[in-house]
DNA sequence: CCGGGTTTTGTCAAAGATGACATAACCCGG
DNA sequence: CCGGGTTATGTCATCTTTGACAAAACCCGG
């Protein structure tokens, strides 16, 4: 009845697929690479490819997901009783952005992916972020069950502030990390003031 | 150089496809109906089907899109100078919810669609909503270009409040429209108070 | 080392979705 | 009513995804 050993073998083929994909993507481009080629390079069947990745394009978003894990961890590490906006701010600012910036998949995304695919995924990430915040608040608050609405709306507003800021920053000509940090800081401060005064969301 | 006459013919096949699809969906279920069957019933090729609908499942979300159009119109009809939250509240509360509730596609969605598909689409709708609010604010405000960040974050928070409320409401056992209205009203009021005091978003 | 239960892959078949190019249907001024 | 430009479809070929079921690889107690 052994559960979820995630037998090394699986992780190996997974990695093989990743490597094969990146190699092909770099050599001939994403769209010009077929899922079958990737599978063959990795020495497995096409069907196995789809067992490891829901779609060919998902190979280009794995880093977002790991970033999300990171965020959850950073949030959980914040001291109890800290205002939620402050926790989020701290978690976000400690994030190792450089990793993302240097990521090879990032360039593939920007270069070839249909923009719609990217924004769709961004929306999913944003949803995951506010889900993480919701979980965090539910874990921290005593009366969480009776304040579900407050919690959900607050979490969504936090994510809205972060991703809205990012959206605006992305549309700029010049995009420096320090600018993004500054904008985020300002937006979060405004949000904090708003939450304090809204009545509904006080006392976090 | 006639542009986009949307020649009646196109609208006819589109309608034929819609009818054929609904008929099949009702008779044998959504997943058990192939795109080819729909196309044949409508007397067109499979390829033509995909020219009218990006995917088979998109047939089940057309009503959301029309609701969005309605929202845009309702927003645009609000008097100039009205605070944004008030405009949104009025637009939302004037919405003819019954139409949606009685929609045939709504039952198909609930009955057969993979939940993930639904939430993904919900996210898109939410994004469209705050895009609508952004456009509205940009049209109404004099200094819109210099306040892009305020506008985007505000719009996202508005959408966050509405959809967050809906999320919580959906998870309830008993779901009455009057409850939803009451919750939405309360949430929007809190948001309004928050926006007023946030400093960044004052004076809308 | 064996045998059974679990996990991972392979096989087969079919549906979903798209790009490229050819045709047919339509629309309009002349 | 004609001819050319535009729009909507049809054809063909290929790729992407997924369900169902079989075979192989692995893991563990005995």
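The figures follow:
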{"read-out": "Residue order, fewest to most surrounding Cβ atoms within 10 angstrom, among A:46, B:162", "value": "A:46, B:162"}
{"read-out": "Chain A: angle of helix A:84-93 to the longest principal axis, Cα-based, in degrees nearest 10", "value": "40"}
{"read-out": "Kirkwood Rh in Å, taken over all unlike Cα pairs in the range A:61-197", "value": "15.9"}
{"read-out": "Neighbouring partner chain Cβ atoms per residue of A:116-128, average, 10 Å criterion", "value": "2"}
{"read-out": "With Cα atoms, 0 to 90° folded angle of helix A:177-197 axis to chain A main axis", "value": "40"}
{"read-out": "Average beta-carbon neighbours from other chains, 10 Å sphere, peptide B:153-166", "value": "6"}
{"read-out": "Inter-chain Cβ neighbour average for residues A:146-152, partner chain, 10 Å", "value": "4"}
{"read-out": "The protein assembly as shown shape via C-alpha gyration tensor axes, a/c threshold 1.5", "value": "oblate"}
{"read-out": "On Cα atoms only, tilt of A:8-28 relative to the major axis of chain A in degrees", "value": "80"}
{"read-out": "Likely footprinting exposure, B:45, A:154, B:13, fewest C-beta neighbours within 10 Å first", "value": "B:45, B:13, A:154"}
{"read-out": "Helical mean residue ellipticity (222 nm; -39500 (n - 2.57) per DSSP H run of 4+; nearest 500) of the protein assembly as shown", "value": "-23000 deg cm²/dmol"}
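None of the figures in this text is laboratory data; all of them are computed from the coordinates on show. Computed from a predicted model, the values in this text were never measured in an experiment. Please note: Cβ atoms are built from the backbone with ideal geometry, for glycine as well, and neighbour counts cover all protein chains shown.
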